[in-house]
Amino acid sequence: MNNNLVLQTDFGISDGAVSAMYGVAIGVNPAIRIFDLTHDIPQYHIWEGSYRLYQTVSYWPAGTVFVSVVDPGVGSERRSIAVKTALGQFIITPDNGTLTHLKKCMGIAEARIIDETINRLPRSGESYTFHGRDVYAFTGARLASNLIPFEQVGPEVPVDSLIELPMAEPSITNQVLTGHIDILDIRFGNLWTNIDRVLFKDLSAGYGDSFEVTIENDTRQVYKNIMTFGRTFADIHLGEPLLYVNSLDKIGVALNQGSFAKAYHIETGASWKIIIRKL
């Protein structure tokens with residue numbers, strides 16, 4: 001272990017919830033190193049929590065412990081789990097689909113249910129609405145600090161038993177590529193699709209080529225235009241749209257120095273489809 005603890009929540013930082021998690025972790029080990037992935041996951045948005053883990057986890061060293069709390073089912077019968085990824089990082093989270101992207105794209109080697117009889121903050125009373133503080137931060141800090149091995153988190157369960165959210169697969173039919181808008185590059189308003197660069201190149205795509213791009217919400221067409229496949233945003237004029245390869249090796253859609261999502265009121269999820277046709 002490396003004493004690294006990384007926190008992700010949908011709590012925001014306008015009250016003391018995240019600070020309380022910090023306090024619990026430091027109470028376990030004053031030398032622990034705590035980092036924030038984000039606390040701006042939209043409330044209850046399990047899909048985005050799953051995606052942000054996928055965006056981040058592989059870049060941290062083996063032994064790093066992530067605590068991810070997007071937990072609309074807190075206090076219910078949903079399981080509290082800890083997993084070890086194929087690359088050796090650990091994630092502690094509710095078993096509600098938060099591990100969907102990591103399981104599919106990175107691989108999970110082992111999963112355990114948290115045994116709250118031994119892995120729960122002492123004197124945390126009868127509260128069942130703040131597992132992020134009382135169970136997850138406490139257990140994560142103990143694991144990151146080598147106070148318990150992974151085996152002492154709790155009993156092992158099959159990786160196949162983990163809850164997964166439905167994920168659509170991109171496809172090519174008659175040289176028309178169809179995918180979905182998985183997530184937004186929030187700060188800049190770019191669209192990040194589930195279309196892998198390798199699949200996109202099956203359209204014989206080269207930098208500078210033009211494509212017809214259609215975006216639909218369910219069956220309603222929201223956007224249709226011609227755009228260029230560019231290496232960087234500087235390849236096009238200010239305010240023009242482009243296709244590009246994002247930092248996760250997926251196809252993105254952007255406006256040069258503008259927010260594509262805001263300009264065309266585009267959101268994310270299973271109902272948001274993107275169709276790309278080479279001209």
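Within the stretch 139-148, not a single residue is in a strand (DSSP E or B) and of a type outside the set (Gly, Ala, Ser). Within the stretch 1-16, the residues that satisfy the criterion of being open to solvent by 20 Å² or more (accessible area, probe 1.4 Å) and among the small types (Gly, Ala, Ser) are 14, 16. Scanning the stretch 164-180 for residues that are assigned to a strand (DSSP E or B), touching a helix residue (DSSP H, G or I) at 6+ places or on another chain (Cβ under 9 Å) and surrounded by 15 or more Cβ atoms within 10 Å (Cβ to Cβ) gives 172, 177, 179. Within the stretch 223-262, if we keep just the residues that are touching a strand residue (DSSP E or B) at 6+ places or on another chain (Cβ under 6 Å) and of a type in the set (Gly, Ala, Ser), the residue that is modelled with the lowest pLDDT turns out to be 239.
Total residues in the stretch 154-169 satisfying the condition of being at pLDDT below 95 and touching a strand residue (DSSP E or B) at 6+ places or on another chain (Cβ under 9 Å): the figure is 3.
Within the stretch 47-68, restricting attention to residues that are aliphatic (A, V, I, L, M) and open to solvent by less than 50 Å² (accessible area, probe 1.4 Å), the residue that is nearest to residue 98 (Cα to Cα) is 53.
Here's the yes/no breakdown for (1) within 30 Å of residue 194 (Cα to Cα); (2) in contact with a strand residue (DSSP E or B) (Cβ under 7 Å, 6 or more places away or on another chain):
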| position | (1), (2) |
| --- | --- |
| 6 | yes, yes |
| 10 | yes, no |
| 15 | no, no |
| 23 | no, no |
| 27 | no, no |
| 35 | yes, yes |
| 42 | yes, no |
| 50 | yes, no |
| 57 | yes, yes |
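Is it the case, given these coordinates, that residue 44 is at pLDDT 95 or above, within 21 Å of the chain's Cα centre (by Cα) and open to solvent by 70 Å² or more (accessible area, probe 1.4 Å)? Answer is no for this residue. The test for being within 23 Å of residue 89 (Cβ to Cβ) and free of Cβ contacts under 8 Å to residues at least 40 places away in the same chain does not hold for residue 114. Looking at the stretch 22-37, is at least one residue within 18 Å of the chain's Cα centre (by Cα) and surrounded by 23 or more Cβ atoms within 10 Å (Cβ to Cβ)? Scanning the stretch 22-37, I find no residue that is within 18 Å of the chain's Cα centre (by Cα) and surrounded by 23 or more Cβ atoms within 10 Å (Cβ to Cβ), so the answer is no.
For the stretch 75-122, the strands (runs of 3 or more DSSP E) that sit wholly inside it and include 1 or more residues that are within 18 Å of the chain's Cα centre (by Cα) and buried (at least 23 other Cβ atoms within 10 Å of the Cβ) are 80-85, 90-94.
The values are calculated or read from the model by the stated rules, or taken from the named source; none is laboratory data. Every value quoted in this text rests on a predicted model; they were computed, and no experiment measured them. Positions of Cβ are generated from backbone atoms using ideal geometry, with glycine treated the same way; all protein chains shown enter the neighbour counts. Heavy atoms of the whole protein, side chains included, go into the accessibility calculation; ligands, DNA and RNA do not. Shrake-Rupley method; radii C 1.70, N 1.55, O 1.52, S 1.80 Å.
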